[in-house]
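Asks: First the structure, then my questions, so here it is.
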Amino acid sequence: MKKKILVIDDDLNIRDYLVSLFNDNGYDAYVAGDVKEGFNVAKKNKPDLITLDIELPGEWGPRFYRQLSQDPELKNIPVIVISGLSGHQYAVVNAVASFTKPFDRDELLKIVKETLI
Amino acid sequence: MGFDMFKKILFATSATGASDHAARVAFNIARSYQSHLNIFHVMGIPSRGYSQVVVDVKTKEHVDVDEDYLAWVTEDIKTYYEKYLDESLDYSIDVAVGLPAREILRQAKNLKPDLILLGGSTGDEDESVYKKSSVGSTLQKVAKSANCPVLVVNRPAASFWGGLSNIVFGTDFSKTSDKAFDFAIKVAKALDCELSVFHALDITALHAGKMLSQDEIEQQIRESLRKIRARYEPRLKELKGYSMDVWEGIPFIEIVKYARDKHADLLIMAHHSRRAVSEDIRLGGNVEQVIVRAGCPVISINK
């Protein structure tokens, strides 16, 4: 069965890019544009990995991570931070990795692959 | 939102990249709580005595300060923060010349803010003018002497602020800590936050030379927890949620770890002003260490 990745980002271009990147590499991708939607999609689809933007409309990415880590069903889902903000590397403490936009797709895919073994 | 604890905020900034993460928090707080934000910039240090020639903090050039130059700097700051400034934000900009800590404290004395907000010591180059010309850091001096709570955002990671819901209060059971607790509980109550009271049992300094057994450590943890209960719990019960914990270790490390574990948005601690200002913030006291390392903004209260 294909592994599922949830992309949380409010930038449509990034979202489309990541979705096609993940689809082309054999993953199922879901999308959400903010923290609330992200949480609902995560609850419904139980993704195997989440990519998370930091600056989102309304609540920010670290808040999403807090909610996620407090949910017994979702707390172990690995999170990769992908953000354009400087200094975001440690904004989500238990993230698997952090990427700054623009990022190296091969590097991202490598980490996704390693994480989803 | 009717919240009058941060009605007036003094945001001391270099208006350079070094203050960017503090700026993110400053503008976010001002907007969330409809505060008046005074953007205050100490633009340079007189190069000789009371000379009007100063070393500009941003450009590091020697400049003559006159009305025109001050107006130009004010305009420059406005441009720097353009993306944050709009009609809905109540703000003012002031520029001063002198030693940063002294000028910030002077401005605080005049303005009587509810909160002073400072960027951290990032050690990058645009701070070098400050560093060269003052003993110790601006941050330490302001935190030590200010008459109001001082909020510091040091690491960029501490600046991803999405509002307040979890506050951690670190106590050492001192009188100043009790003051800091009063402040913490007021904020927690006004903003409907959960408050976690934490004490770090210092197993390094107190018992130097003697290794405590785990039974002894856990006995002391129990005693500290009883102390927290007796001292703080009656008032904690007024909040929607609270917790009380004691961990053993190196205090500043444990506090930073605890705040991370609790996903804290804000850490509140007492600053012990009776202690001397140390030359280097990295060798400073426990609070300084927490300020430097925390993954969220830290408010220190000294009196």
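Asks: For A:VAL112, are the conditions met, namely being assigned to a loop (DSSP other than H, G, I, E, B), of a type outside the set (D, E, K, R) and either touching a strand residue (DSSP E or B) at 6+ places or on another chain (Cβ under 9 Å) or surrounded by fewer than 16 Cβ atoms within 10 Å (Cβ to Cβ) (or both)? Break it down stepwise before answering.
Replies: Numbers: assigned to a loop (DSSP other than H, G, I, E, B): no; of a type outside the set (D, E, K, R): yes; either touching a strand residue (DSSP E or B) at 6+ places or on another chain (Cβ under 9 Å) or surrounded by fewer than 16 Cβ atoms within 10 Å (Cβ to Cβ) (or both): yes.
Taking the combined requirement at face value, the residue does not satisfy it.
Asks: Answer with yes or no whether A:GLN89 is of a type in the set (S, T, N, Q), modelled with pLDDT under 95 and assigned to a loop (DSSP other than H, G, I, E, B). Break it down stepwise before answering.
Replies: Values: of a type in the set (S, T, N, Q): yes; modelled with pLDDT under 95: yes; assigned to a loop (DSSP other than H, G, I, E, B): yes.
It is true that A:GLN89 is of a type in the set (S, T, N, Q), modelled with pLDDT under 95 and assigned to a loop (DSSP other than H, G, I, E, B).
Asks: Among the candidates A:ASP28, A:ASP9, A:ASP48, A:ASP24, which residue alone is surrounded by fewer than 19 Cβ atoms within 10 Å (Cβ to Cβ) and in contact (Cβ under 8 Å) with a residue 40 or more places away in the chain?
Replies: On the way: A:ASP28 fails: in contact (Cβ under 8 Å) with a residue 40 or more places away in the chain; A:ASP9 fails: surrounded by fewer than 19 Cβ atoms within 10 Å (Cβ to Cβ); A:ASP24 fails: in contact (Cβ under 8 Å) with a residue 40 or more places away in the chain.
Result of the check over A:ASP28, A:ASP9, A:ASP48, A:ASP24: A:ASP48.
Asks: Filter the stretch A:90-107 down to residues that are within 7 Å of chain B (Cβ to nearest Cβ) and touching a strand residue (DSSP E or B) at 6+ places or on another chain (Cβ under 9 Å) and give me whichever is nearest to B:GLY162 (Cα to Cα).
Replies: Residues of the stretch A:90-107 that are within 7 Å of chain B (Cβ to nearest Cβ), as a first pass: A:90-91, A:93.
Right, trim to touching a strand residue (DSSP E or B) at 6+ places or on another chain (Cβ under 9 Å) and you get A:90-91.
Working: A:TYR90: 15, A:ALA91: 12 Å.
Result: A:ALA91.
Asks: When residues of the stretch A:31-45 are filtered for being surrounded by 15 or more Cβ atoms within 10 Å (Cβ to Cβ), in contact with an Asp or Glu (Cβ under 9 Å, 6 or more places away or on another chain) and touching a residue at least 24 places away in the same chain (Cβ under 8 Å), how many remain?
Replies: Going through the stretch A:31-45 one residue at a time, the tally reaches 7.
Asks: Among the residues of the stretch A:68-83, which ones are closer than 24 Å to A:PHE103 by Cα and within 13 Å of another protein chain (Cβ to nearest Cβ)?
Replies: Kept after step one, since they are closer than 24 Å to A:PHE103 by Cα, are these residues of the stretch A:68-83: A:77-83.
Hits for the stretch A:68-83 are A:VAL81, A:SER83.
Asks: Please specify each residue of the stretch B:85-114 satisfying the condition of being over 20 Å from the mean Cα position of the chain (by Cα), more than 26 Å from B:VAL54 (Cβ to Cβ) and not acidic (Asp, Glu).
Replies: B:SER88, B:LEU89, listed by residue number.
Asks: Here's another thing I want to ask about it. What number of residues within the stretch A:41-67 satisfy the criterion of being within 14 Å of another protein chain (Cβ to nearest Cβ) and over 12 Å from the mean Cα position of the chain (by Cα)? Let's see the steps before the verdict.
Replies: In the first step, residues of the stretch A:41-67 are kept if they are within 14 Å of another protein chain (Cβ to nearest Cβ); the result is A:52-67.
With the extra rule that they be over 12 Å from the mean Cα position of the chain (by Cα), the set shrinks to A:55-60, A:63, A:66-67.
Adding up the residues that qualify gives 9.
Asks: Within the stretch A:35-78, can you find the residues that are among the charged types (D, E, K, R), assigned to a loop (DSSP other than H, G, I, E, B) and closer than 22 Å to B:HIS21 by Cα? Reasoning before the result, please.
Replies: Applying the first criterion (among the charged types (D, E, K, R)) to the stretch A:35-78 yields A:36-37, A:43-44, A:46, A:48, A:53, A:55, A:59, A:63, A:66, A:71, A:73, A:75.
Then drop every residue that is not assigned to a loop (DSSP other than H, G, I, E, B), which leaves A:46, A:48, A:53, A:55, A:59, A:71, A:73, A:75.
The answer is A:ASP53, A:GLU55, A:GLU59.
Asks: Since B:ARG229 meets every condition but one in (1) part of a helix (DSSP H, G or I); (2) touching a residue at least 60 places away in the same chain (Cβ under 8 Å); (3) of a type outside the set (Ser, Thr, Tyr), which condition does it not meet?
Replies: Looking at each condition in turn, B:ARG229 falls short on (2).
Asks: Would you point out the residue of the stretch B:246-266, among those that are in a strand (DSSP E or B) and not β-branched (Val, Ile, Thr), that is surrounded by the most Cβ atoms within 10 Å (Cβ to Cβ)?
Replies: This residue is B:LEU266.
Asks: Moving to a separate point now. Residues that are hydrophobic (A, V, I, L, M, F, W, C) and away from every other protein chain (no Cβ under 14 Å): which strands (runs of 3 or more DSSP E) entirely in the stretch B:144-220 hold 2 or more of them? Reasoning before the result, please.
Replies: Working: elements: B:150-153, B:166-170, B:194-202.
It comes to B:150-153, B:194-202.
The values are calculated or read from the model by the stated rules, or taken from the named source; none is laboratory data. For clarity, every value in this text was computed on a predicted model and none was experimentally measured. Positions of Cβ are backbone-derived with ideal geometry, glycine not excepted, and every protein chain shown enters the neighbour counts.
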